[in-house]
Amino acid sequence: MADAVSIFMAIGLSEQKAKETLKNEALSSTLKKAIEQAQGLLGSASIDKTAGTLLYNMVTRLKDSNRLSFLTEYIITRKITSELQLSAALDFLKNHPQENLDRLEFEAACGVGVVVTPEQIEDAVELIIRKHKDQLLAERYRFNMGILMGEARTALKWADGKIVKNEVDMQVLHLLGPKTEADLEKNPKAAKPKAAEKDVKIEQVSVENGEANTEGKSLMEQLRGEALKFHKTGENYKTEGYVVTPNTMTLLKKHLEETGGQVRTRFPPEPNGILHIGHAKAINFNFGFAKANNGICFLRYDDTNPEKEEEKYFTAIREMVEWLGYKPYAVTHASDNFQLLYDLAVDLIRRGHAYVCHQRGEELKGHNVPPSPWRERPVEESLLLFDRMRKGMFAEGEVTLRMKMVMEDGKMDPVAYRIKYTPHHRTGDTWCIYPTYDYTHCLCDSIENITHSLCTKEFQSRRSSYFWLCNALDVYCPVQWEYGRLNLTYTVVSKRKIIKLVETAIVRDWDDPRLFTLTALRRRGFPPQAINNFCARVGVTVAQTTMEPHLLEACVREVLNDTAPRVMAVLEPLKVTITNLPTNAQKEVRVPDFPANEAKGSHVVPFSKTIFIEQSDFREVMEKGYKRLTPDQPVGLRHAGYVISVQRVIKDGCGNVCELEVSCASSDSVEKPKAFIQWVSDPLQCEVRLYERLFLHKNPEDPAEVPAGFLRDINPYSITVIESASVDRSVGKAKVFDKFQFERVGYFSVDPDSTSEKLVFNRTVMLKEDPGKI
C-alpha cells in the first residue's frame, strides 16, 4: 500500500487523496495502468503535476477502459494540456464509441494544436467590449462582468482563462477608469428575510473537482421537491442499491404511519471539535432540505467516543447551528439509545450476523486484514463473551464485537463494539463498551425514522453496510444519500491539525480569526447570512468542491455592504491643525450610516481645529497618479464640506512627518479636489487587528507543495496589530460582534477582547478583493 501511495503522490496527488483512491480497487488499478503507460512513453522522465492531475481526472471519468492508452498518449505528449480539452475529449469518445476513430476529427473537437495568440485575445475582447460599450458606460462597475467573460470564453474556447480575464479587466479599466466612491456603493435593496429562510439567488460558479450547476437557482430551489432526484418518502425501495426484504413494505408502511409522510433529516456531528466551513454546507444541506420540503431536522450528537468528547463542543455546535439561522426539531444523542443499541447487538449475534473477536486493533488495520479465526464461533459463546464485555471483564483492546459483512471498500467484518474504560459525559460509568459509527449511524437513523440520511461522499463506501445492518436486524431502513464535501484552499480544518496550531501558539484558540472554524469566522465578523449565501452559491454537488477563500469573502462583502453602517476611522493617525479656524472652533458634522441610502439613518461626529487623517493620505513629494494631499495638491474631507491645503509640514527629530498645518475652505468656494479622505476629530482610541491568510501555499497539507509540513507554511504576516488607531465616537457603545465599514479602509467587527476602556476591532474583509490574491 505504501508503494502505491508513493506512486500516486508522485503524480501530484495529496497523501490523503492517494489513500482515498486506494480504497477504490477499480479506480486505483486503472490509475496504475495509466501511470505505467505514461512512464513507458516518457522513459526516464517523470510525470509532471499538470499531466498527473489530468491522468487522475481522466481515469475517474473515463467510461471505456479501452480508450485508456489512447488518452494517456495525448496527455503525456502534451496534446491535451487542460481540463477543458480533457472534458471535450471525453465527450467526443462518449459520442463516438466505434473502434476506429478519426483522429483529425477528434483533435479538432478537443483543440489539439490550437494556439491562441495575445493579439487574437485582445481583438476578440475589444469586439465584445464595443458591443456592450453603451451599457458599460451607463452601469459602469455595476454591469454584470460575467456576461463579458462568458462571451469571451465562447469566442476564445481554447484560450487560457486567466489571460482572457486579465484582458477583459484591462480593457474595462481602460474604458471606465478606476472605481469611484459611487462605484463602491451599492444601490439600496429591499429588506431581506432571515438568512435561513430566504431564497438567496445565486450566479453560476466554477468549482474544482465539482459540477456546481446552480445557474441562478436559490438554495431552496436546489433542495425542493424533485430537484435532487431523491426518493419520495415511503418509496425508499425505488432507490438504486436499496435492498428489499420480505418485510420491507410492512416496515415502510409502519414508518409512514409514524411520520405522516414527513421528510426527516438529521445533522449528526461528533462532539469532539469545533465546526468548520465544511460543516456549514452540511448544516445548510440537512436543515435546508428538510425546510424546503416542509420537513424536520434533528441535531443528533454522535457521542460514542467518550475519550474525545467535551461539554464545550456540545455547546459550541448547537450555538453555531442556531447562529446560522436553523432551529433543530429536537436535540438528540446517540447515547440516548445505548441500551436499545446494546439489545440490537445481542439480537444481531443471535441471528448469526456478529461475533466476539480477539484480534487486536493493530491486526485489524489496513485493507488486507486476515479473516478472524473466531468468525464462526458458536452464537452462544459470542453471547456469553459479549455479556462479559458489558460487565467489564476484559481489558481495553482485548476483544471486540464484529459484524459479518464486507464493506464496499473491501474492509471485512467492521467492528460494532469496543471496550473503553472512560466515563461518558452523559451516562457516566454505566457503560464500558461503546458502539462504533458503522454500527450506530444507521440504527439511530432508523430509530428516529429519518427519511433521507445525507452524508458526505467519503461515506459512500458505507452505504451497502448501512442497508445490510438495518436489514439484518429487520428494522426500518432509511436511504443514505451522498454529497460532495466543501473544502477551502489556504487553510486546514482537521481537528488534529488545528490542535497542533493551538499547542504551538501559532493561533490563540479554535476561534482565532485566521482559521475557518465557524466560531473563528463569527469572531472575525463574517455574518451568518454570508456563509449561507456562500453554501448556496457553491450549490448541491455530488463531487468534492474546492473553493478559494476570496469567493467566501465576496459573499461577506455583499451582506456587509447592505448591513454595516459607515463610520470614519484612521489606523495610522497624522495630526492636522487647521490654522484658519479659531482655537475653540467646534461644530457637528452629520455622517450618513449608508451614503447610498441616507434614509437608513446617520450619526454625528465633532469637527474642530485639530483633526487626524491617515498617514498614507499625505505625501510630501508628489507622485504621478497620486490624488490625495500633498504640499501642492488639496484634498476634500468627507462629509465635512471642507477642502484643506497644506501650509506647513512639521517633522520630528528623525525627519518623519508628525504634523501638518493646513488651511481649509468651503468646498463650494473652491475647485473640486481630486479626492476626498476620511478624518476623525476628538476620536476614541482603539486596537485594530488586520488579518491575512494563515498559510503561504494554496494546499498547506500537500507534501508536493509544502514538503516540510503545514506548520512550516505559516505566513509570518498573517496578523498585524495596531494598538493606537482612532475611530469616531459614534461607535463608543458598540457591542461584541457589531459590524462597521470603516470608510475607505474595510469592514470591521468588534472583538470579544474589547473592554469598557478600549474597543478592539477585527478586520473582516477589505472593501474590495486584494488584487494580489489568486
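Brief remarks follow.
- Cα centre as origin, Lys/Arg/Asp/Glu Cβ charges: the stretch 287-405 dipole, Debye: 380
- Cβ-based net charge around GLU572, under 12 Å, with every Lys or Arg adding one and every Asp or Glu removing one: -2
- The Cα-based radius of gyration of the chain, divided by its Kirkwood radius, gives an Rg/Rh of 1.02.
- Cα centroids of the stretch 572-639 and the stretch 290-335: 50 Å apart.
- Three-way shape call for the stretch 481-580 based on the alpha-carbon gyration tensor, with the a/c threshold at 1.5: oblate
- P(r) for the stretch 1-110, from all Cα pairs and a bin width of 10 Å, is 14, 48, 30, 7, 0 %, short bins first.
- About its Cα centre, the chain has a charge dipole of approximately 860 debye under the convention of +1 per Lys or Arg Cβ and -1 per Asp or Glu Cβ, with nothing else charged.
- In angstrom, the C-alpha Rg and Dmax of the stretch 1-60 are 10.4, 29.
- Heavy atoms of ARG360: accessible area, 1.4 Å probe, square angstrom to 10: 100
- Counting only protein chain heavy atoms and rolling a 1.4 Å probe, the accessible areas of ARG566, ARG78, ARG390 rank, largest first, as ARG78, ARG390, ARG566.
- As a length-normalised measure over Cα pairs under 8 Å and 6 or more apart, the relative contact order of the chain settles at 10 percent.
- Dipole in debye (nearest 20) - the stretch 1-110, about Cα centre, beta carbon charges: Lys, Arg +1; Asp, Glu -1: 200
- Tensor-based shape of the stretch 455-527 (alpha-carbon gyration tensor, a/c under 1.5 rounded, otherwise prolate or oblate): prolate
- Residues of type lysines that LYS609 reaches as a straight line, Cα spacing below 16 Å, ignoring anything fewer than 8 places off in the same chain: LYS575, LYS587
- Expected 222 nm ellipticity per residue - DSSP helices of 4 or more, -39500 (n - 2.57), all of the chain, to 500: -10500 deg cm²/dmol
- Among the listed pairs LYS627/LYS698; LYS94/LYS229; LYS238/LYS497, a Cα-Cα separation exceeding 30 Å is found for LYS627/LYS698; LYS238/LYS497.
- Ignoring lysines fewer than eight residues from LYS312 along the same chain, the ones with Cα atoms less than 16 angstrom from its Cα are LYS495.
- In order through the stretch 33-47: 3J(HN,Hα) via Karplus (6.51 cos²θ - 1.76 cosθ + 1.60), integer Hz, x for Gly, Pro: 4, 4, 5, 4, 5, 5, 5, x, 6, 8, x, 7, 6, 8, 7
- Exposure rank, largest accessible area first [VAL321, VAL406; 1.4 Å]: VAL406, VAL321
- The alpha-carbon atoms of the stretch 308-381 define a convex hull whose volume equals 173 cubic angstrom per residue.
- Lys pairs, the stretch 118-184 - Cα-Cα below 18 angstrom, 8 or more residues apart or on other chains: 5
- Working note: Karplus 6.51/-1.76/1.60 with θ = phi - 60° gives the stretch 396-402 the couplings 4, x, 6, 9, 9, 9, 10 Hz, where Gly and Pro are set to x.
- Cubic angstrom per residue, convex hull over Cα atoms of the stretch 335-441: 101
- Debye intensity ratio in log₁₀ form over the Cα atoms of the stretch 571-683, taken at each q of 0.16, 0.18, 0.23 Å⁻¹: -0.75, -0.94, -1.42
- Proximal charge balance of ILE163 [Cβ under 14 Å; K/R count +1, D/E count -1]: -2
- Of the GluC sites (Glu not before Pro) in the stretch 712-759, the ones in a loop by DSSP (not H, G, I, E or B) with at most 10 other beta carbons within 10 Å are GLU757.
- Selection from MET170, GLY150, PRO118, by position along the positive dipole direction of the stretch 118-184 (Cβ): GLY150
- Given charges at Cβ of Lys, Arg, Asp, Glu: the chain dipole, positive-most of HIS255, HIS424, SER718: HIS255
- Looking at the stretch 481-575, the accessible area is 28 square angstrom per residue; that uses a 1.4 Å probe and ignores ligands, DNA and RNA.
- In order through the stretch 236-249: 3J(HN,Hα) via Karplus (6.51 cos²θ - 1.76 cosθ + 1.60), integer Hz, x for Gly, Pro: 3, 5, 7, 7, 4, x, 5, 8, 9, 10, x, 9, 4, 5
- The chain, accessible surface, carbon-and-sulfur percent (1.4 angstrom probe): 50
- Accessible surface comparison of ASP682, ASP617, probe 1.4 Å, protein chains only, largest first: the order is ASP682, ASP617.
- The Rg/Rh ratio of the stretch 119-171, with Rg taken over Cα atoms and Rh as the Kirkwood radius over Cα pairs, comes to 0.94.
- Reported to the nearest whole Å, the Cα centre-to-centre distance from the stretch 401-453 to the stretch 48-97 is 41.
- With the simple spin-label model, which puts each label point 7 Å out from Cα in the Cβ direction, the ASN144 to ILE506 separation comes to 4.2 nm.
- Selected from ALA345, MET58, THR545, residue furthest toward positive end of dipole (the chain; charges at beta carbon): ALA345
- Reach of LYS411 by Cα under 20 Å, taken over lysines that are not fewer than 8 positions away in the same chain: LYS17, LYS19, LYS23, LYS365, LYS457
- For the stretch 335-441, the solvent-accessible area of protein heavy atoms averages 47 Å² per residue (probe radius 1.4 Å; ligands and nucleic acids excluded).
- Relative contact order [Cα under 8 Å, 6+ residues apart], the stretch 335-441, whole percent: 25
- Kirkwood Rh and Cα Rg combined as Rg/Rh, the stretch 401-444: 1.07
- Ligands, DNA and RNA excluded, the heavy atoms of VAL493 present near 40 Å² of accessible surface to a 1.4 Å solvent probe.
The values are calculated or read from the model by the stated rules, or taken from the named source; none is laboratory data. These numbers come from a predicted model, not from an experiment. In this analysis, Cβ positions are derived from the backbone assuming ideal geometry, glycine residues included, and neighbour counts consider all displayed protein chains. Areas reflect the complete protein model, heavy atoms only, side chains present, ligands, DNA and RNA absent. Shrake-Rupley method; radii C 1.70, N 1.55, O 1.52, S 1.80 Å.
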